[in-house]
Amino acid sequence: LRLVAEAKTYVETHYANPITLDQIAAALQVSPFHLSRVFSQESDFSLFGYLATVRLTRARQLLLEESLSVAEVAYAVGYASPNYFAKVFRKAFGHPPSRTRSQ
């Protein structure tokens, strides 16, 4: 569906910034409720589940390719708190972000 593709593109472009459902919906000129409902129906996850996946995938790339600290990576992918980022990363990948760097 076009709306889902546009929402994904928006998230992939703006993931490093704080993003709200209202911002995405306004950019796509639809209601937040409609966007959230359609996205969840047409994909296997919520819009913010997708945002988290995009952020964590990019964070993993940065940890492997760059010499940034874990905190710098957290900020670079849109997390305001390095501690929260580490918690989310650990839950997603089963190990802390610092271990990704050492692999």
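Select from segment 77-91 the residues that are open to solvent by 40 Å² or more (accessible area, probe 1.4 Å) and either part of a helix (DSSP H, G or I) or aliphatic (A, V, I, L, M) (or both) and write down the one among them that is farthest from Leu51 (Cα to Cα).
Only one residue tops the list, namely Asn83.
Considering only segment 30-51, state which residues are of a type in the set (Gly, Ala, Ser), within 22 Å of Ser81 (Cβ to Cβ) and open to solvent by 30 Å² or more (accessible area, probe 1.4 Å).
Ser46
Between residues in segment 10-29 that are more than 16 Å from Leu56 (Cα to Cα) and open to solvent by less than 70 Å² (accessible area, probe 1.4 Å) and residues that are assigned to a loop (DSSP other than H, G, I, E, B) and not aliphatic (A, V, I, L, M), which pairs lie under 9 Å by C-beta distance while being six or more apart or on different chains?
Matching pairs, first to second residue: Ala25/Ser31.
The values are calculated or read from the model by the stated rules, or taken from the named source; none is laboratory data. All values derive from a computational prediction rather than experimental measurement. Glycine gets a Cβ as well: all are built from the backbone with ideal geometry, and neighbour counts include every protein chain shown. The accessibility values were calculated without ligands, DNA or RNA, using every heavy atom of the protein model including side chains. Shrake-Rupley method; radii C 1.70, N 1.55, O 1.52, S 1.80 Å.
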